[in-house]
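Asks: Let me give you the structure first, and then I'll get to my questions.
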Amino acid sequence: MSLLNLFRRRGSAPVARERLQILLSHERAVRGQSDLLTKLKDEILAVVAKHVNVEHDQVQVTLDRGEKVSLLEINVEVPNSVGALAAAQ
Amino acid sequence: MSKVIVVTSGKGGVGKTTSTAAIGAALAATGQTVAVVDFDVGLRNLDLVMGAERRVVYDLINVVQGVAKLPQALIRDKRIDTLSLLPASQTRDKDALTEEGVARVIKELRAKFDWVICDSPAGIERGATLAMRYADTAIIVTNPEVSSVRDSDRIIGLLDSKTEKAEKGERVEKHILITRYDAARAARGEMLNIKDVLDILSLPLLGIVPESEDVLRASNLGSPVTLNDPASAPARAYRDAASRLKGQDLPMTIPSDRKGFLDKLFGRRAA
């Protein structure tokens, strides 16, 4: 453990550098304009809410900002009864 | 022609006030007139670092509100007579600063001094944006550490959008001053190195101030580090930075406190 730590401790600076480069490329992109991903999330949820009664605590939103692409994941639980209702119409 | 400089960083505790005092004193020591202005309303400290805390009568807010005239509020340094301090108010709130008031005070200072150095408060709110508002040049004080670099980047964005120069389509001249640098740790890959910081922020370097106990000693004594111990590593770094502000082209070095055998033998004086 201690030996492993000794090796691991070398070079935390490159990690810091990489994290900063990724973070700042995002922060610079959204500077002066509202956050695109937040806007997407809000509008997607609004569209879903038009057709389905969405409970806000049943919506999971995760975001992973990567270097080249970001992943915005929105999981909305749709009750089965809605599907049945739509089929009946 | 006089120049207005803002010393800023976003993050607190990186060395804005130390740098303002040290560079102000270094410029004044060359015979040019310098005013250092504390914009940290409510949390003033430049007076303490300059050793003038017992001489404060009027402050920036008093001048902005017209309660006192500028010459009444300026405190002339006892060591260098070309150096003056305009302290911040300790009791008022930063909302007492108005854009018009600050503009008027800066204009008056420009007429009296070769250099006007504004010590910005931390953060990105009113005090910080007013400190940078009328600047020609910005010194962005950055520690080789992730949160400081991120905040510096944010401040650079504000300098490019919220300053008077930016609104007129001009540019504030921007420099990075790296402080609290530990060359040995950077060499071991434990600390962001100079190249890392400059690559990320893409701005020219004004100087590298090494981590040093001389900085704390100077502030304990109420003396800018460039005056307190002119031969110390941080003093040399700040003096070089001041020379670069004046347009001199000096090779970039990282001053070191490491003493040779003879220096150790004969003590500090030999350095």
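The values are calculated or read from the model by the stated rules, or taken from the named source; none is laboratory data. Here the structure is a predicted model, which is why all the values come from computation and not from measurement. Every residue, glycine as well, gets a Cβ built from its backbone with ideal geometry; the counts of neighbours run over all protein chains shown.
Asks: Give, as residue ranges, the helices (runs of 4 or more DSSP H) completely inside the stretch B:1-109 that count at least 1 residues that are farther than 27 Å from B:Val172 by Cα.
Replies: Once the helices (runs of 4 or more DSSP H) in the stretch B:1-109 are filtered for at least 1 residues that are farther than 27 Å from B:Val172 by Cα, what remains is B:46-49, B:60-64, B:70-73.
Asks: Test A:Glu43 against the stated conditions and say whether it is modelled with pLDDT of 75 or more, more than 7 Å from chain B (Cβ to nearest Cβ) and over 18 Å from the mean Cα position of the chain (by Cα).
Replies: Considered against the rule, which asks whether it is modelled with pLDDT of 75 or more, more than 7 Å from chain B (Cβ to nearest Cβ) and over 18 Å from the mean Cα position of the chain (by Cα), A:Glu43 comes out as no.
Asks: For B:Ile176, all conditions in the list (1) over 25 Å from A:Val30 (Cβ atoms); (2) in a strand (DSSP E or B) hold save one; what is the number of the exception?
Replies: Exception for B:Ile176: condition (1).
Asks: Is there a residue in the stretch B:217-230 that is crowded, with 22+ Cβ neighbours inside 10 Å, polar (S, T, N, Q), closer than 16 Å to B:Ala25 by Cα and modelled with pLDDT of 95 or more?
Replies: Yes.
Asks: Name, by its number, the condition in (1) at pLDDT below 70; (2) within 14 Å of another protein chain (Cβ to nearest Cβ); (3) surrounded by 10 or more Cβ atoms within 10 Å (Cβ to Cβ) that does not hold for A:Asp35.
Replies: (2)
Asks: In contact with a Lys or Arg (Cβ under 7 Å, 6 or more places away or on another chain) and assigned to a loop (DSSP other than H, G, I, E, B) - does that describe any residue in the stretch B:144-160?
Replies: No - not one qualifying residue is present in the stretch B:144-160.
Asks: Quick check on my filter: what residues within the stretch B:197-210 are buried (at least 20 other Cβ atoms within 10 Å of the Cβ) and not hydrophobic (A, V, I, L, M, F, W, C)?
Replies: Selection gives B:Gly207, B:Pro210.
Asks: Another question, if that's okay. All but one of (1) of a type in the set (A, V, I, L, M, F, W, C); (2) surrounded by fewer than 22 Cβ atoms within 10 Å (Cβ to Cβ); (3) within 14 Å of chain A (Cβ to nearest Cβ) hold for B:Ala122, so report the exception by its number.
Replies: Among (1) of a type in the set (A, V, I, L, M, F, W, C); (2) surrounded by fewer than 22 Cβ atoms within 10 Å (Cβ to Cβ); (3) within 14 Å of chain A (Cβ to nearest Cβ), B:Ala122 violates only (3).
Asks: Of B:Ala111, B:Ala135, which residue is farther than 14 Å from B:Asn62 by Cα, more than 14 Å from chain A (Cβ to nearest Cβ), in contact (Cβ under 8 Å) with a residue 24 or more places away in the chain and buried (at least 19 other Cβ atoms within 10 Å of the Cβ)?
Replies: B:Ala135
Asks: Starting from residues that are under 15 Å from B:Leu74 (Cβ atoms) and in contact (Cβ under 8 Å) with a residue 60 or more places away in the chain, keep the ones in the stretch B:40-52 and report whichever is farthest from the chain's Cα centre (by Cα).
Replies: Applying the filter and picking the extreme gives B:Ala52.
Asks: Within the stretch B:79-92, identify whether any single residue is farther than 16 Å from B:Gly12 by Cα, within 14 Å of another protein chain (Cβ to nearest Cβ), surrounded by fewer than 24 Cβ atoms within 10 Å (Cβ to Cβ) and touching a helix residue (DSSP H, G or I) at 6+ places or on another chain (Cβ under 7 Å), and answer yes or no.
Replies: Checking the stretch B:79-92: not a single residue is farther than 16 Å from B:Gly12 by Cα, within 14 Å of another protein chain (Cβ to nearest Cβ), surrounded by fewer than 24 Cβ atoms within 10 Å (Cβ to Cβ) and touching a helix residue (DSSP H, G or I) at 6+ places or on another chain (Cβ under 7 Å).
Asks: Can you find a residue in the stretch B:90-98 that is hydrophobic (A, V, I, L, M, F, W, C) and at pLDDT 95 or above?
Replies: No, there is no match, as no residue in the stretch B:90-98 is hydrophobic (A, V, I, L, M, F, W, C) and at pLDDT 95 or above.
Asks: Here is a further query. Within the stretch B:224-246, is even one residue within 14 Å of chain A (Cβ to nearest Cβ), out of contact with any Phe, Trp or Tyr (no Cβ under 6 Å at 6 or more places or on another chain) and either of a type in the set (Val, Ile, Thr) or more than 25 Å from A:Arg17 (Cα to Cα) (or both)?
Replies: Checking the stretch B:224-246: not a single residue is within 14 Å of chain A (Cβ to nearest Cβ), out of contact with any Phe, Trp or Tyr (no Cβ under 6 Å at 6 or more places or on another chain) and either of a type in the set (Val, Ile, Thr) or more than 25 Å from A:Arg17 (Cα to Cα) (or both).
Asks: Which of the residues belonging to the stretch A:1-25 are surrounded by 10 or more Cβ atoms within 10 Å (Cβ to Cβ) and modelled with pLDDT under 80?
Replies: A:Arg9, A:Arg10 - these are the residues of the stretch A:1-25 that are surrounded by 10 or more Cβ atoms within 10 Å (Cβ to Cβ) and modelled with pLDDT under 80.
Asks: Continuing with the same structure: When you go through (1) at pLDDT below 95; (2) crowded, with 18+ Cβ neighbours inside 10 Å one by one for B:Arg188, which number turns out not to apply?
Replies: The failed condition is (2).
Asks: Name every residue in the stretch B:151-175 that is within 14 Å of chain A (Cβ to nearest Cβ) and either farther than 20 Å from B:Asp199 by Cβ or touching a residue at least 24 places away in the same chain (Cβ under 8 Å) (or both), in order of residue number.
Replies: Selection gives B:Asp151, B:Ser152, B:Asp153, B:Arg154, B:Ile155, B:Ile156, B:Leu158, B:Leu159, B:Ser161, B:Lys162, B:Ala166, B:Glu167.
Asks: Looking at B:Gly127 and the list (1) in a strand (DSSP E or B); (2) in contact with a Pro (Cβ under 7 Å, 6 or more places away or on another chain), which single condition is not satisfied?
Replies: With (1) in a strand (DSSP E or B); (2) in contact with a Pro (Cβ under 7 Å, 6 or more places away or on another chain) applied to B:Gly127, the lone miss is (1).
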